[in-house]
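Right, one structure below, let's go through it.
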Amino acid sequence: MLRFEVSVEDLLRSRFAMSPALDLCLLLRSLAGHDRPLPRAWATRLLPAFESLRRESELDAVLALQTPQSGPNFVAPPPRGLNQTWADDLATIRATPLEAARHEFPAATTGPSARHPRVRAVLDSPDAVSRIAEAMDQAWHELLAPDWPQLRAICERDVVHRVGVIGEHGWVTTIESLHPGIAWQAGGIEIGFFRGGTVPLAGDGLLLIPSAVVGHIAAHTEDPWPRTLVYPARGTAALWDEQETAPRPGALTALVGQSRARLLLALDAPASTSHLARSLAMTPGAVGDHLAILRGAGLLVRARSGRSVLYRRTPLGEALVAGSS
């Protein structure tokens, strides 16, 4: 079992962040068969480009660094906050000193792929860091960048939802809602399906990272990362049209139209016009028009939160969605 010892000061210092580089590494591990498989429709769409990159770039050297548990820290540097971008991560990766990167190679490159001559040529080269960074940048633009605006919007909405849960129900409910296997017990966070013993947060707090790629809980317990929990962001399954879990509009579409049905279904947590536009791949103008109609029909209400205006379903809207599902 893994247990994080949490003090009051830790709660005050706990925060959220995003990590594009970590999501890229998680995606690569899934496509390579090192981790839980991606949703079928997503994997089917990405696998041809993934195999092409393996043939035509030096992606196999990056894959050799991706163990089932983790990879070197320099290919997934700790994020600094919610505004983290791939450009930020790539700059950090490229700035890694060669000796520091090579210090991490032995722990990561233990599989048979690490002994392949093509992989060794990259890892043993004097420009190994820049070649790994270039391969990761190619993978980012081919595999993840087209979907990233939608994925990022889902993660942003997840953070808005979690902050709302903190305000209404407190940290215990928020932490336990991240995954069924997480429990708050006697002043600590316990994850029964992990090994790792007891890890004190020591006043530094816990870093929480929503991911639209990970299908389960992941954790960082060693430097240079802060003590971290990575968890699946709400709404990812619906985006990839996993029919087992995604709501089916059916009668709702016939009643209000496809676009408005998608918006109603997407508002399982409050969201702004821009978040909805990015997560549903619609224009902000179209989203605004549809939201105005749904609000006029009594299905939505809106409220200002800081600089954003967030929409949420009314009891009538909730009943309509529940009946259609």
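Laboratory data are not the source of any read-out in this text; all were calculated from the coordinates shown. This structure is a prediction, so every number in the text was calculated from the model and none was measured. Every residue, glycine as well, gets a Cβ built from its backbone with ideal geometry; the counts of neighbours run over all protein chains shown.
For this structure, a couple of remarks:
- The stretch 139-245: chymotrypsin sites (Phe, Trp or Tyr not before Pro) falling in loop per DSSP and having at most 16 other Cβ within 10 Å: F193, F194
- Counting only DSSP H runs of at least 4 residues, each contributing -39500 (n - 2.57), and dividing by the residue count of the chain, the helix-based mean residue ellipticity at 222 nm comes to -14000 deg cm²/dmol.
- Centre-to-centre separation between the Cα atoms of the stretch 52-99 and those of the stretch 252-325: 37 Å.
- Fraction in percent of alpha-carbon pairs per bin - 20 Å, the chain: 29, 55, 16, 0
- Computed from the C-beta positions of M1 and A297 and an R0 of 45 Å, the FRET efficiency is 0.35 to the nearest 0.05.
- Bridge orientation summary for the chain: considering DSSP beta bridges with both residues in this region, about 60 percent are antiparallel.
- Of the DSSP H helices in the chain, those whose Cα atoms cover at least 27 Å axially and whose Kyte score averages -1.0 or more: 148-169
- Cβ-derived FRET efficiency at R0 41 Å, R304 paired with E99, nearest 0.05: 0.20
- Given their separation in residues at 0.36 nm each and the Cα-Cα distance between them, R118 and E222 gain 34.3 nm when the chain is fully extended.
- For the chain, leaving out every one of the trypsin sites (Lys or Arg not before Pro) that falls in a DSSP loop and has at most 16 other Cβ atoms within 10 Å, the longest unbroken run is 81-194.
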